[in-house]
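One structure is given here, and the rest of the page talks about it.
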Amino acid sequence: MIIKTDIELEGMQRAGKAVAGTLKGMREFARVGMTTKELDDYGRMLLDGYGAKSAPFFTYGFPGATCISINNEMAHGIPSARRFLQEGDVVNIDVSASLDGFCSDNGASFVLGEDIHAVGKLVETSMEALYSAIGVIRSGVKISEVGRVIERVAKREGFTVIRNLGGHGIGKSLHESPDCILNYYDRYDNRRFKKNMVVAVETFLTTGSSYVNTEPDKWTLTANKGGYCAQHEHTLVVTEDEPLVLTDMNEIVKK
């Protein structure tokens, strides 16, 4: 989406607030021993409070309001009444929603309770990679620079990036052009960011895998060589200067 009016910008800001507030609330609500369905039900309630609808559910028929992925699951984990959160799990919550015709996407991984598996560094690096990538985005910059930055940060700390997942454009629909905003540098990708373009930038870092496989449930994506996974995501508007991040939880806290 290319934002053309103040009304469109305001609509995207409201959608961003809904997903960011829901993600923040779900993260604070998560407890050891809770099922992922309980956590998802809470997220659904929060989205309802904003007047927002789950974009994965209404767009693709995903069996849940949010995606909750654990440990070696990189994305699209299905909430389940038989999946219990455990001490030290790397929990990823991905909230995508539509509000008044505008979509926004926000995700974050965190270690639940004590970091007994020593994976906190992976989560921290994923967040650092996301903000480092956001820091280079400007109108006219090559989209491939996002992947260059994410991969450089990951490699520096001894982690790998997933090569068959990426960020995407967003706006009136959950997934729009440009697609495949990759986590590695593709020298053949000459596309450039445009002013007022709305994109969801995502990191996909692991402790040793480079690709994801689709599980038999046809949704859950898992690391092909095992290990732990971390993902972070923000929806933002490209400008000629620093991007306008629509899903920053810290901004939600201030308001």
ask   = Across segment 237-246, in residue order, what do the Karplus-derived ³J(HN,Hα) couplings come to in whole Hz, using 6.51 cos²θ - 1.76 cosθ + 1.60 with θ = phi - 60° and x for Gly and Pro?
value = 10, 6, 10, 7, 10, 5, x, 8, 7, 8
remark   = Residue by residue through segment 119-134, the couplings from Karplus 6.51 cos²θ - 1.76 cosθ + 1.60 with θ = phi - 60°, in Hz, x for Gly and Pro, are 10, x, 5, 4, 5, 4, 5, 4, 5, 4, 4, 4, 5, 5, 5, 4
ask   = Residue by residue, what Karplus-based ³J(HN,Hα) values in Hz, rounded to whole numbers, does segment 147-158 have, using 6.51, -1.76 and 1.60 with θ = phi - 60° and x for Gly and Pro?
value = x, 4, 5, 4, 5, 5, 5, 4, 5, 4, 9, x
request  = State the percentage of accessible surface on the chain attributable to carbon and sulfur atoms; use a 1.4 Å probe and exclude ligands, DNA and RNA.
outcome  = 49 percent
request  = With a/c under 1.5 counting as rounded, go ahead and sort segment 50-93 into rounded, prolate or oblate using the C-alpha gyration tensor (a ≥ b ≥ c being the square roots of the eigenvalues; past the cut-off, prolate if a/b is larger than b/c, else oblate).
outcome  = prolate
note = If amide H atoms are modeled at 1.01 Å from N in the peptide plane, then the residues at a separation of 5 or more from Gly169, or on another chain, having amide H under 5 Å from its own are Glu176, Asp179, Ala200
query = If contacts are Cα pairs under 8 angstrom and at least 6 residues apart, what is the relative contact order of segment 146-255 in percent?
reply = 25 percent
remark   = Applying the gyration tensor rule to the Cα atoms of segment 207-250 (axes a ≥ b ≥ c; rounded if a/c under 1.5, else prolate if a/b exceeds b/c, else oblate), the class is prolate
message = Classify segment 14-67 from the C-alpha gyration tensor, please: rounded if a/c falls under 1.5, else prolate or oblate depending on whether a/b exceeds b/c.
response = oblate
ask   = So how long is each side of the chain along the principal axes, counting just the alpha-carbon atoms, biggest first, in Å?
value = 46, 41, 36
Loop-located GluC sites (Glu not before Pro) in segment 158-255 whose Cβ has at most 13 other Cβ within 10 Å (DSSP) = Glu240
message = Below 8 Å, C-alpha to C-alpha, sequence gap of six or more: please give me the relative contact order for the chain in percent.
response = 22 percent
message = Applying a 10 Å radius around every beta-carbon, put 45-58, 162-175 in order of their mean neighbour count, most first.
response = 162-175, 45-58
message = Taking 8 Å as the Cα distance limit and 6 or more residues as the minimum spacing, I'd like the relative contact order of segment 1-86 as a percentage.
response = 30 percent
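The values are calculated or read from the model by the stated rules, or taken from the named source; none is laboratory data. Predicted, not measured: the structure shown is a model, and the values here were computed from it. Cβ atoms come from the backbone with ideal geometry, glycine included; neighbour counts cover every protein chain shown. The accessibility values were calculated without ligands, DNA or RNA, using every heavy atom of the protein model including side chains. Shrake-Rupley method; radii C 1.70, N 1.55, O 1.52, S 1.80 Å.
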